[in-house]
Amino acid sequence: MDTALQPFEQRTIEAAIDFASSVIAPNAAVWEQQRCLPPERIGPAANAGLTGLLLAEAQGGRGLSKTAMARVMEELSKADMAYAFVLVVHNNFMNAIAQAGSPAQRERYLPGMLSGKYLGAFLLTEPQSGSDAANVTTTARRRDGGWILNGAKAWITSAASADLLSVYAQTDASQGWRGIAAFIVEADHPGVFREAPYSTMGAHVMGAGGFRFEDCRLSDDAMLFPPGEGFKGAMAGIDLARANVAAMCCGMMANSLDVTLVHAGDRRAFGQRVLDFQGLQWQLADVATDLHAARLMAYAATRAIDAGQRAAIAAAHAKKFATRAALKGIADCMQVMGADGYKHDFPLARHLACAKMAHYIDGTTEIQNVVISRDLLRPAT
Ligand SMILES: Cc1cc2nc3c(=O)[nH]c(=O)nc-3n(C[C@H](O)[C@H](O)[C@H](O)COP(=O)(O)OP(=O)(O)OC[C@H]3O[C@@H](n4cnc5c(N)ncnc54)[C@H](O)[C@@H]3O)c2cc1C
């Protein structure tokens, strides 16, 4: 597939492969044990050219296609999907600033985000609403020529350490989603309170947690999307986000298969290699088939996005299929490894937690079915 990409895109994918094997893979288990990003956060990834992936080269970015970005995320996820997802959120925020930000916002934030000095987060979900994403109750009220934010956000990737927040807030509840605006808020701004990160099944590198806003005063300059554009802005990249999750699940499945094949090739039971039991070979063959199908679906979606075609259904199919395939496939690989697969000495337990997490982010599995069934039923309604 990579041969269809531009040489500069192939070079970024090679940089991702190198970064995954030399930086993420040797450290991911320790980061998970310490339950946080390393102190240098995404700095090393920025040095490896993995920030500003979608930004035009004129803006200091890599100018990748969506397909190439997904390939980068697939490769990083072979080592750790949690770290890759931190980079996805950061890159997407940069893209929103590049496309919708004012010249002053671009100048103020993009260089620091490109270098990894600033880490970005996307704040849409609230304690009372996740799937019903337009049900935003964080308020932004007009006051003295600026805005005052009040409310709470939940389940925010990089909440533990983000410096820059894209905050979605309701300016006029009577307008529903049309009242939602978005603001760029610096995390140390007065009135911003960071909650302690959650204790979850895994993926603690993502530092998922919440924020509170208490009379947080912002100037007009902080607005990223005006009312009417905020919710559209939040949803603008959702198809790519779903395709990226699918690609990341493929990375974890591929790595799980690789690790399992080596382990089961060495391990012996009843006088033969574990890998020689046909029942186990077929279990791995099923994982390989699912991986093949998931990759085809993920990249069918990214290619449709790159071609400017409608990709909502393709992305929903890809996310639903790949997350399910990863959860089952990684668990099956762990089973072939026997009790060793269950140990943190191997990456599969981390991958399994991320495969479960992938069922929630960027729309749950059920929300993918809402999208797919709405399309299925359209001719009948
Ligand atoms: C690790 C992690 C990181 C995250 N990072 C971010 C982030 O950076 N920024 C951000 O804004 N959000 C983030 N999220 C939040 C994520 O987007 C939400 O978890 C997701 O939208 C689901 O919302 P919920 O968890 O509140 O579930 P709910 O909406 O409460 O849903 C509960 C259950 O009901 C089902 N359901 C809901 N509506 C329907 C329906 N119409 N039909 C059928 N079933 C339905 C759901 O599928 C689910 O099974 C993150 C979540 C996780 C787990």
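The values are calculated or read from the model by the stated rules, or taken from the named source; none is laboratory data. On a predicted model such as this, the values are computed, not experimentally measured, just so you know. When we count neighbours, we look across all protein chains shown, and the Cβ atoms used for this are built from the backbone with ideal geometry, even at glycine. Side chains are part of the model used for accessible areas, which takes the heavy atoms of the whole protein and leaves out ligands, DNA and RNA. Shrake-Rupley method; radii C 1.70, N 1.55, O 1.52, S 1.80 Å.
Only Cα pairs under 8 Å and 6+ residues apart enter the sum, and on that basis the relative contact order of segment 122-233 stands at 31 percent.
Multiply the residue gap between Gln309 and Arg217 by 0.36 nm, knock off their C-alpha separation, and tell me the result in nm, one decimal place. Could you put the intermediate results ahead of the total?
Details: separation 92, 0.36 × 92 = 33.12 nm, distance 4.04 nm.
Using 0.36 nm per residue and subtracting the Cα-Cα distance, I get 29.1 nm.
Dipole size of the chain about its Cα centre, with +1 on Lys/Arg Cβ and -1 on Asp/Glu Cβ: approximately 520 debye, rounded to the nearest 20. Distance distribution P(r), segment 2-118, all Cα-Cα pairs, bin width 5 angstrom from 0: 2, 12, 23, 24, 19, 12, 7, 2, 0 percent. Computed 3J(HN,Hα) for segment 336-346, one whole-Hz value per residue from the Karplus formula 6.51 cos²θ - 1.76 cosθ + 1.60 where θ = phi - 60°, is 5, 7, x, 5, 4, x, 8, 7, 6, 5, 10, glycine and proline marked x. For the chain, a Gaussian network of Cα nodes joined below 10 Å ranks Ser65, Ser131, Ser22 by mean-square fluctuation, and the top entry is Ser22.
Using only helices, what value at 222 nm comes out for the chain when you add -39,500 (n - 2.57) per DSSP H run of length 4 or more and divide by the total residues, to the nearest 500 deg cm²/dmol? List each step's numbers first, then the result.
On the way: 12 runs with 188 residues, N = 381.
Calculated from helices alone, the mean residue ellipticity at 222 nm is -16500 deg cm²/dmol.
Sorted into 20 angstrom bins from 0, the C-alpha pair distances of the chain split as 29, 57, 13, 1 percent. Distance between the pseudo-spin-label points of Glu14 and Tyr342 (7 Å out from Cα toward the beta carbon): 4.3 nm. Using heavy atoms of the protein chains and a probe of 1.4 Å, the accessible area assigned to Arg268 is about 150 Å².
Ordering 74-82, 118-126, 98-106 by mean Cβ neighbour count within 10 Å, with the highest value first, yields 74-82, 118-126, 98-106.
With every protein chain kept in the model, how would you rank Met1, Met252 by accessible area, 1.4 Å probe, largest at the top? Don't skip to the answer; put the middle values down first.
Numbers: Met1 80, Met252 0 Å².
The residues order as Met1, Met252, largest area first.
Normalised by 2.2 N^0.38 Å, where N is the number of residues, the C-alpha radius of gyration of segment 122-233 stands at 1.01.
With every protein chain kept in place and ligands, DNA and RNA left out, what is the accessible area per residue of segment 1-69? Probe 1.4 Å, answer in Å².
Numbers: 3320 Å² over 69 residues.
Result: 48 Å² of accessible area for each residue.
Entry note, the chain: relative contact order of 16 percent, from Cα contacts under 8 Å with a spacing of 6+ residues.
Given a 1.4 Å probe and the protein chains as shown, Lys232 ends up with an accessible area of around 110 Å². The accessible-area ordering, largest first, of the residues Phe213, Phe270, Phe225 stands as Phe270, Phe225, Phe213, per a 1.4 angstrom probe.
Kirkwood-type hydrodynamic radius, segment 237-375: 15.4 Å, calculated from all non-identical alpha-carbon pairs. Here r is the Cβ-Cβ distance between Asn135 and Lys328 and R0 is 30 Å; the resulting FRET efficiency, rounded to 0.05, is 0.40.
Counting Lys and Arg as +1 and Asp and Glu as -1, each charge on the Cβ, what is the dipole of segment 38-100 about the Cα centre in debye, to the nearest 20?
Details: 5 positive and 5 negative charges, 20 e Å.
Using only the charged Cβ atoms, the result is roughly 100 debye.
Probe radius 1.4 Å, ligands and nucleic acids ignored: give me the carbon and sulfur share of the accessible area of segment 122-233 as a rounded percent.
Values: 2410 of 4840 Å².
The computed percentage sits at 50.
Our coupling estimate for segment 312-321, obtained by passing each phi through the Karplus curve with A = 6.51, B = -1.76, C = 1.60 and θ = phi - 60°, is 4, 6, 4, 5, 5, 4, 4, 5, 4, 5 Hz, Gly and Pro reported as x.
Remark: segment 296-308, residue by residue, has Karplus-estimated 3J(HN,Hα) of 4, 5, 4, 7, 5, 5, 5, 5, 5, 5, 4, 7, x Hz, where x stands for each Gly or Pro and the curve is 6.51 cos²θ - 1.76 cosθ + 1.60 at θ = phi - 60°. Across segment 254-272, the residues whose backbone nitrogen lies under 19 Å from the label position 7 Å along the beta-carbon direction of Ala288 are 254-267.
A Förster radius of 25 Å combined with the Cβ-Cβ distance from Asp172 to Glu366 puts the calculated FRET efficiency at roughly 0.25.
Order Thr137, Thr260, Thr200, most accessible first, counting only protein heavy atoms with a 1.4 angstrom probe. Don't skip to the end; give the middle numbers.
On the way: Thr137 75, Thr260 0, Thr200 45 Å².
Putting Thr137, Thr260, Thr200 in descending order of accessible area: Thr137, Thr200, Thr260.
Extension gain, Arg142 to Arg378, is 80.9 nm, computed as 0.36 nm per intervening residue step minus the present C-alpha separation.
Taking all protein chains into account, the per residue accessible area for segment 180-312 stands at 46 Å² (1.4 Å probe).
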